[in-house]
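Enquirer: Right, I'll just put the structure down here and ask away after.
The values are calculated or read from the model by the stated rules, or taken from the named source; none is laboratory data. Keep in mind the model is a prediction, meaning the values are calculated, not measured. For neighbour counting, all protein chains shown are included, and Cβ atoms are generated from backbone atoms with ideal geometry for every residue, glycine included.
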Amino acid sequence: MSEQVRQDIPIGQEKVGQWHSLDYSYQPSDLVDVPLKYRGEDCKDRDMKLRKGVLKAFISMVESAERDGVIIRCISAFRPASYQDILYKRAVEKEGPNQKSTAKPGHSEHQLGTVVDVSSPEIDFGLKDSFADTHSYRWILANAHHYSFYISYTKENHHEKGYIWEPWHLRYWGNHVPD
């Protein structure tokens with residue numbers, strides 16, 4: 001494996017996905033732990049990190065949702081390419097080589113440190129399509145953009161992006177608006 005890429009890609013300018021990859025060793029230098037309070041119930045023991053500014057925006061969004069009576073929690077955050085490789089191989093073994101549920105290592109937005117998979121107690125903190133039927137999801141649709149978070153893989157764009165629809169997958173774009 002090559003030496004870790006030290007230069008952070010500016011938030012909102014990262015191109016990564018089905019057709020654009022990051023260096024396998026890329027890892028942002030400003031990753032910080034997601035506090036336990038903001039994690040799903042079964043995620044307290046997981047290593048969860050986000051870029052420092054992203055965590056600040058995420059906490060602001062979650063606390064705003066709570067003031068509106070909505071609970072949103074982090075289920076997954078930064079993933080190094082080495083861990084994504086394990087998830088990818090597991091998905092290929094289960095679903096076949098043409099699966100669209102798990103990105104190849106280097107092709108996952110999670111490697112940016114600007115993505116958070118979220119859920120709520122309404123669906124027992126699972127990552128399921130039924131998240132789209134929750135109050136939490138409706139709150140996200142109406143409010144997440146105020147905190148610079150956007151759903152990456154929507155019902156409308158998931159085919160062109162090359163992955164399945166993921167109502168729980170939020171990417172922080174900072175001052176940039178996604179394409």
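Enquirer: Test Ile71 against the criterion of being touching a strand residue (DSSP E or B) at 6+ places or on another chain (Cβ under 6 Å) and β-branched (Val, Ile, Thr), and give yes or no.
Expert: Spelling it out, it is not the case that Ile71 is touching a strand residue (DSSP E or B) at 6+ places or on another chain (Cβ under 6 Å) and β-branched (Val, Ile, Thr).
Enquirer: Need pairs with beta-carbon distance below 8 Å; first residue more than 7 Å from Gly106 (Cβ to Cβ) and without any contact (Cβ under 8 Å) to a residue 40 or more places away in the chain and within region 21-32, second buried (at least 17 other Cβ atoms within 10 Å of the Cβ) and aliphatic (A, V, I, L, M); sequence gap 6+ or separate chains.
Expert: Every condition considered, the pairs that remain are Val32/Leu50; Val32/Leu55.
Enquirer: On to the next question. Checking the condition over 30 Å from Asp30 (Cβ atoms) and either aromatic (Phe, Trp, Tyr) or in a loop (DSSP other than H, G, I, E, B) (or both), which residue from Lys155, Lys104, Lys94 passes?
Expert: The unique qualifying residue is Lys155.
Enquirer: A follow-up question, please. Here are Val34, Val70: which of them is within 18 Å of Val115 (Cβ to Cβ), surrounded by 19 or more Cβ atoms within 10 Å (Cβ to Cβ) and among the aliphatic types (A, V, I, L, M)?
Expert: It is Val34.
Enquirer: Can you name the residue in region 93-123 that is at pLDDT 95 or above and hydrophobic (A, V, I, L, M, F, W, C) and, of all such residues, is farthest from Pro35 (Cα to Cα)?
Expert: Ile123
Enquirer: Out of region 114-132, which residues are in contact with a helix residue (DSSP H, G or I) (Cβ under 7 Å, 6 or more places away or on another chain) and touching a residue at least 12 places away in the same chain (Cβ under 8 Å)?
Expert: Those that are in contact with a helix residue (DSSP H, G or I) (Cβ under 7 Å, 6 or more places away or on another chain) and touching a residue at least 12 places away in the same chain (Cβ under 8 Å): Thr114, Val115, Val116, Ser119, Ser120, Glu122, Phe125, Phe131.
Enquirer: Just checking, which of Glu109, Glu166 is touching a residue at least 40 places away in the same chain (Cβ under 8 Å), surrounded by 15 or more Cβ atoms within 10 Å (Cβ to Cβ) and out of contact with any Lys or Arg (no Cβ under 7 Å at 6 or more places or on another chain)?
Expert: Just one listed residue meets the conditions, Glu166.
Enquirer: So is Ile86 modelled with pLDDT of 95 or more, in a helix (DSSP H, G or I) and out of contact with any helix residue (DSSP H, G or I) (no Cβ under 9 Å at 6 or more places or on another chain) or not?
Expert: Yes: the conditions hold for Ile86.
Enquirer: Can you confirm whether region 79-93 contains a residue that is more than 28 Å from Lys161 (Cα to Cα) and either buried (at least 21 other Cβ atoms within 10 Å of the Cβ) or acidic (Asp, Glu) (or both)?
Expert: Taking every residue of region 79-93 in turn, none turns out to be more than 28 Å from Lys161 (Cα to Cα) and either buried (at least 21 other Cβ atoms within 10 Å of the Cβ) or acidic (Asp, Glu) (or both).
Enquirer: Ok, one more. For region 133-145, which residues satisfy the criterion of being touching a residue at least 12 places away in the same chain (Cβ under 8 Å) and surrounded by fewer than 18 Cβ atoms within 10 Å (Cβ to Cβ)?
Expert: Of everything in region 133-145, those that are touching a residue at least 12 places away in the same chain (Cβ under 8 Å) and surrounded by fewer than 18 Cβ atoms within 10 Å (Cβ to Cβ) turn out to be His135, Asn143.
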